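Only one structure is covered here, and it is reproduced in the block below.
What follows is calculated from the coordinates using simple rules that are stated; it is not laboratory data. All figures in this text were calculated on a predicted structure; none of them were measured in a lab. With ideal geometry, Cβ positions are generated from the backbone for all residues, glycine too; neighbour counts draw on all protein chains shown.
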Amino acid sequence: LQSSVDGASIYLRMKLGGAYDTATNYTFEGETTNSGSGAGVYVEAAGATSAQITLASEVGNAASESHNGQVHVFSPSSTTLFKQITWHGGNVARTSTTGRLFRSTGAGYNRGATTALTGIRIFPSSGNIATGTFRLYGITNS
């Protein structure tokens, strides 16, 4: 996906019981590594609570830049378990930090409710998603 704003973060919120949870009910630990000058490993929100989960940082919006990744949701229809996710992905960094490749990975959960997960919202920290393809795969119970 590409954001309409250069350097945006990509966030995720869960829809539980018919409403997107915007309260500080998300706990996650994400690790971001990058190449280029100033390379390093950054841990985001380790053990803290947030109003969303950060899936990626510094996503570029130039024609050749994008973020690609996967999100796995565990037990979405359960009404007794907190909803947990894992993710991994990579993106070419914003143009102001030319030449960087970011890799992000992490795990998180929503501790606000155990109601069934009925949706996921993926959105940038500012602007809009300018372009992208989203695919949903799952297993149905028979």
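A few comments on the model shown:
- Equivalent ellipsoid semi-axes - Cα gyration tensor, the range 77-137, angstrom: 29, 14, 11
- For peptides 124-137, 106-119, 74-87, sequence by mean Cβ density within 10 Å, most packed first: 106-119, 74-87, 124-137
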